[in-house]
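Reading through the structure tokens given below for one structure.
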Amino acid sequence: MSHHEEGHPLDGKRIAFLATDGVEQIELTEPRIAVENAGADTELVSLEAGEIEAFQHLEKGERFTVDKPIADASADDYDGLVLPGGVANPDFLRMDERAVAFVRAFVEAGKPVGAICHGPWTLVEADVVRGKTLTSFPSLRTDIRNAGGEWVDEEVHVDRGLTTSRKPDDLPAFNAKLVEELAEGRHEELATATAGADLEESAEDFTPGGAG
């Protein structure tokens, strides 16, 4: 009997968790436990080496050791990516070009990505939500729509390997779907949809006479 049959569908996979100071603690710890319990190795990737300080809503939480600084991290080394929320965390990440490029590389490769609460902010910055449907904390709704995505108010939503949820209350559903999508592996249609959206945008940019 293989480990897959014994409830370890992520055996042999390595999953990156990208976060920095201000990450919502439970959105980092609970998905990480779920992914590790399913058999995967996880690494906390952050902007710098050392430690990051999590938050529990507006109160300071625990500190977590960074496994790899973004300067040394490559999407090629991982089978999937998780973007926890917290308000400050993705705001710091989206200001860092290396972090944004790291996120974009996963989606362009069709590798599964999970993002919860304010986590999708970094997806918006990476310009990878165009033509895709996702959910998030409600305050990101306009940003997602402006970036060409469709926003839905659902506990968890999956679109071609992109798994998103709204808030910590959604974590049980998010974690279950996240593990499922990570187990499925690379989604060719996610990569194709991202490349297709880029081509459409390029075509729009070169419309004769401009946008009218």
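Tell me yes or no: at least one residue of the range 147-158 is within 19 Å of residue 54 (Cα to Cα), without any contact (Cβ under 8 Å) to a residue 40 or more places away in the chain and loosely packed, with under 15 Cβ neighbours inside 10 Å. No, the range 147-158 contains no residue that is within 19 Å of residue 54 (Cα to Cα), without any contact (Cβ under 8 Å) to a residue 40 or more places away in the chain and loosely packed, with under 15 Cβ neighbours inside 10 Å. Filtering the range 11-33 to residues that are out of contact with any helix residue (DSSP H, G or I) (no Cβ under 6 Å at 6 or more places or on another chain), assigned to a loop (DSSP other than H, G, I, E, B) and either buried (at least 17 other Cβ atoms within 10 Å of the Cβ) or at pLDDT below 95 (or both) leaves 13, 21. Between 61, 110, the distinction of being touching a strand residue (DSSP E or B) at 6+ places or on another chain (Cβ under 9 Å) and not aliphatic (A, V, I, L, M) belongs to 61 only.
Filtering 88, 99, 195, 147 for residues that are among the aliphatic types (A, V, I, L, M) and modelled with pLDDT under 95 leaves a single hit, 195. Within the range 36-66, track down each residue that is polar (S, T, N, Q) and over 20 Å from residue 102 (Cα atoms). Within the range 36-66, 37, 56 meet the criteria.
Name the single residue that is farthest from the chain's Cα centre (by Cα) among those in the range 159-187 being open to solvent by 10 Å² or more (accessible area, probe 1.4 Å) and among the acidic types (Asp, Glu). The extreme case among them is 169. The residues of the range 30-59 that are closer than 23 Å to residue 169 by Cα and in contact with a His (Cβ under 7 Å, 6 or more places away or on another chain) amount to a single one, 38.
Here is the figure for the range 127-146: residues that are free of Cβ contacts under 8 Å to residues at least 60 places away in the same chain, buried (at least 24 other Cβ atoms within 10 Å of the Cβ) and part of a loop (DSSP other than H, G, I, E, B) total 3.
The values are calculated or read from the model by the stated rules, or taken from the named source; none is laboratory data. What you see is a predicted model, and the numbers here were worked out from it, not measured in a lab. With ideal geometry, Cβ positions are generated from the backbone for all residues, glycine too; neighbour counts draw on all protein chains shown. SASA here: full protein model, heavy atoms, side chains in, ligands and nucleic acids out. Shrake-Rupley method; radii C 1.70, N 1.55, O 1.52, S 1.80 Å.
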